[in-house]
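This report refers to the structure that appears directly beneath it.
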Amino acid sequence: MTGWVFHVDLDEFLAAVEVRRRPDLAGRPVVVGGRGDPTERGVVSTASYAARAFGVGSGMPLRVAVRRCPGAVFLPVDKPAYDEASAEVMAALRALRWDGDPVDVQVLGWDEAFVGLAPGAEADAHVDADGRDPQVFADRIRAEVLAATGLHCSVGIGDNTLQAKIATDFGKPRGTHRIGDDSWVAQMGHRSPRALWGIGAKTERRLAAVGITTVSGLADADPEVLGAVFGPSTGPWLRSLGRGRGATRVDPTPWVARAHGREETFQEDLDDDAEIAEAVRRLARRAAADIAADGRPAARVVIKVRNRSFATVTRSRTLPAPSDEPEVLAEVAVGLLARVERDRPVRLLGVRLEMAAPEGGY
């Protein structure tokens, strides 16, 4: 046992940031998405819990959201504000000390991170020799984040990252929950494999096709069967998920982006080839500015085209030599349009620039 792992997840993060700067919105249904206009095309990025009570959820079209909750306050996405709030949260987590010992923080995104004692400061199961109680520390995490940022969070406690990540959902909102090796089967064994972090609807269906419908069933599955269906690497990995296995160390290594991309959903479908090409150029130039800020050139260009019926295709090209020249990358992206068979107007376009690996690799 190398120590407890904590998963910290901010509650209704984007909406909470908006409420923080507009306290009059507290308790009201708030929906953040697109340009904040539910008459336009766009999707919900985050809905407050008050809005979720009306059935509004992330990824839902704004037009559907306003029908479900006509009294909601709709706000545009404000990325700089969320970047700033996220930085405040991560700084608060890094400043934590557990009985004087430092912690490591592994950032997973804007609104979530793993926290664990740094190497050399071990916590044994339940309460260790130094008297460290993980429940007490989880409560302290929540209190420290709230005091430093004004934002609420939930904390999952586990013997590893997988368990802690799953436990957080049981504690939401504004709470804590623990899942460990000793309670894994009781808490998770009867649930669908989709309850596991890393398993989606498609994998769930493929597992069901071979008779695996519960977490316990996955844990006890024949490795050869899983290997035959999912491959020699993925099969054993899925079985380890079923057994509640995960990393027992929090990795504080800073996250390094592999690509930057830009997308745009058009309020009116594009049906003119010249307009489509110009939109791709514009997106490619914006993505090029993003990779320039990262200091690494693009090695591969990818475009995404979604038509009126929501059918989506991607096309890509590996560059003969990495480049960060905006016009070069824009022309490559436009050239990829020739490989897209288009018989309907375009609803969405995207350009992603996959960067050359940093020195030493990822």
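The values are calculated or read from the model by the stated rules, or taken from the named source; none is laboratory data. Keep in mind the model is a prediction, meaning the values are calculated, not measured. All Cβ positions, glycine included, derive from the backbone under ideal geometry; neighbour counts span all protein chains shown.
Just one of (1) among the acidic types (Asp, Glu); (2) in contact with a helix residue (DSSP H, G or I) (Cβ under 9 Å, 6 or more places away or on another chain); (3) within 28 Å of Trp110 (Cα to Cα) trips up Asp294, so point out which. Here Asp294 meets the rest and fails (2). Apart from one condition, Gly200 fits all of (1) in contact (Cβ under 8 Å) with a residue 12 or more places away in the chain; (2) closer than 30 Å to Arg352 by Cβ; (3) touching a helix residue (DSSP H, G or I) at 6+ places or on another chain (Cβ under 8 Å); the exception is (1). Among the residues making up segment 279-336, a single one is touching a His at 6+ places or on another chain (Cβ under 9 Å) and among the β-branched types (Val, Ile, Thr): Ile291. Among the residues making up segment 271-308, those that are closer than 13 Å to Pro345 by Cα, touching a strand residue (DSSP E or B) at 6+ places or on another chain (Cβ under 8 Å) and without any contact (Cβ under 8 Å) to a residue 60 or more places away in the chain are Val305, Arg306, Asn307, Arg308.
Criterion first (within 30 Å of Ile303 (Cα to Cα), at pLDDT below 95, not assigned by TED's automatic domain parsing to the domain that holds Arg342 and not acidic (Asp, Glu)) does Pro223 satisfy it?
It is false that Pro223 is within 30 Å of Ile303 (Cα to Cα), at pLDDT below 95, not assigned by TED's automatic domain parsing to the domain that holds Arg342 and not acidic (Asp, Glu).
Look at segment 60-81: where a residue is closer than 13 Å to Glu18 by Cβ and a partner is modelled with pLDDT under 95 and of a type in the set (Gly, Ala, Ser), sitting 6+ places away or on another chain with Cβ atoms under 8 Å, you get Pro76/Gly34; Val77/Gly34.
If you filter segment 307-362 down to residues that are closer than 21 Å to Ala257 by Cα and polar (S, T, N, Q), you find that the one that is farthest from the chain's Cα centre (by Cα) is Ser323.
Matching residues to (1) over 23 Å from Pro61 (Cβ atoms); (2) surrounded by 15 or more Cβ atoms within 10 Å (Cβ to Cβ); (3) among the β-branched types (Val, Ile, Thr):
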site: Val280; (1), (2), (3): yes, yes, yes
site: Pro297; (1), (2), (3): yes, yes, no
site: Ser309; (1), (2), (3): no, no, no
site: Arg317; (1), (2), (3): yes, no, no
site: Ser323; (1), (2), (3): yes, yes, no
site: Val332; (1), (2), (3): yes, yes, yes
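For Gly261, state whether it is in contact with a helix residue (DSSP H, G or I) (Cβ under 8 Å, 6 or more places away or on another chain), surrounded by 16 or more Cβ atoms within 10 Å (Cβ to Cβ) and not in a loop (DSSP other than H, G, I, E, B).
Values: in contact with a helix residue (DSSP H, G or I) (Cβ under 8 Å, 6 or more places away or on another chain): yes; surrounded by 16 or more Cβ atoms within 10 Å (Cβ to Cβ): yes; not in a loop (DSSP other than H, G, I, E, B): yes.
Here the answer is yes, as Gly261 does meet what is asked.
Restricted to segment 233-252, and to residues there that are surrounded by fewer than 16 Cβ atoms within 10 Å (Cβ to Cβ) and free of Cβ contacts under 8 Å to residues at least 60 places away in the same chain, the residue that is farthest from Arg300 (Cα to Cα) is Ser240. Check whether at least one residue in segment 278-287 is in a loop (DSSP other than H, G, I, E, B), under 30 Å from Val105 (Cα atoms) and within 26 Å of the chain's Cα centre (by Cα), and report yes or no. No, every residue in segment 278-287 fails to be in a loop (DSSP other than H, G, I, E, B), under 30 Å from Val105 (Cα atoms) and within 26 Å of the chain's Cα centre (by Cα).
Take Arg205 and decide whether it is of a type in the set (Lys, Arg) and loosely packed, with under 14 Cβ neighbours inside 10 Å. Outline the logic, then answer.
Values: of a type in the set (Lys, Arg): yes; loosely packed, with under 14 Cβ neighbours inside 10 Å: yes.
In short, yes.
The residues of segment 288-310 that are among the charged types (D, E, K, R), closer than 21 Å to Val328 by Cβ and either part of a loop (DSSP other than H, G, I, E, B) or not assigned by TED's automatic domain parsing to the domain that holds Gly335 (or both) amount to a single one, Arg296.
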